[in-house]
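The values are calculated or read from the model by the stated rules, or taken from the named source; none is laboratory data. Small disclaimer: the values here were computed from a predicted structure and weren't measured. All Cβ positions, even for glycine, are placed from backbone atoms using ideal geometry, and neighbour counts span all protein chains on display.
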Amino acid sequence: MTRTVPARYGGRVQDFERVLSALADVERSEARDYSSFSVRGKRFGYYWPRTRTVGLKQTISEQLALVAERPDVFEVQFTAGGFGWVVVYLDGIGAEELAELIYEAWRLSAPEELVAEVPFTKIARV
């Protein structure tokens with residue numbers, strides 16, 4: 001993935017892009033209002049530049065916990081296939097927590113052998 005983010009989007013968007021670039025087999029698709037991210041054909045995230053938000057796949061229990069803890073940063077996006085998708089307001093989250101959530105979203109979609117090749121410790125150093 002070589003696309004760069006315009007400077008006006010700021011640090012958290014750059015953090016988002018940096019973590020995505022460290023993950024294996026990430027495929028990016030562009031739509032008019034958003035970008036989506038998949039691993040081996042399974043979607044795990046979205047980015048909406050206009051609202052400076054990302055949507056990330058999580059477990060349903062994690063989705064509910066995040067929203068209950070900090071409703072100013074997280075909101076329920078939808079649930080599907082036994083997963084709870086969460087909207088994350090990038091201006092309200094730190095880089096380390098964002099990296100953890102992105103990795104978890106990717107991990108929930110990636111095949112086991114790919115996850116074994118890219119442990120979170122590799123992403124945490126990015």
Reported set for the range 57-73 where residues are of a type in the set (Asp, Glu) and either closer than 17 Å to Leu108 by Cα or crowded, with 19+ Cβ neighbours inside 10 Å (or both) is Glu62
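Consider Glu97 carefully, then state whether it is in contact (Cβ under 8 Å) with a residue 12 or more places away in the chain and closer than 25 Å to Leu114 by Cα.
On the way: in contact (Cβ under 8 Å) with a residue 12 or more places away in the chain: no; closer than 25 Å to Leu114 by Cα: yes.
Here the answer is no, as Glu97 does not meet what is asked.
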Residue in the range 74-87 that is among the aliphatic types (A, V, I, L, M), within 12 Å of the chain's Cα centre (by Cα) and surrounded by 15 or more Cβ atoms within 10 Å (Cβ to Cβ) present: yes
Over the range 100-122, the set of residues free of Cβ contacts under 8 Å to residues at least 40 places away in the same chain, in contact with a helix residue (DSSP H, G or I) (Cβ under 9 Å, 6 or more places away or on another chain) and over 18 Å from Arg40 (Cα atoms) is Glu100, Phe120
Yes or no: Phe74 at pLDDT 95 or above, of a type outside the set (Gly, Ala, Ser) and touching a Ser or Thr at 6+ places or on another chain (Cβ under 8 Å)? no
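Filter the range 30-46 down to residues that are in a strand (DSSP E or B) and touching a Leu at 6+ places or on another chain (Cβ under 9 Å) and give me whichever is farthest from Pro111 (Cα to Cα).
Restricting to residues being in a strand (DSSP E or B) and touching a Leu at 6+ places or on another chain (Cβ under 9 Å), the top hit is Tyr46.
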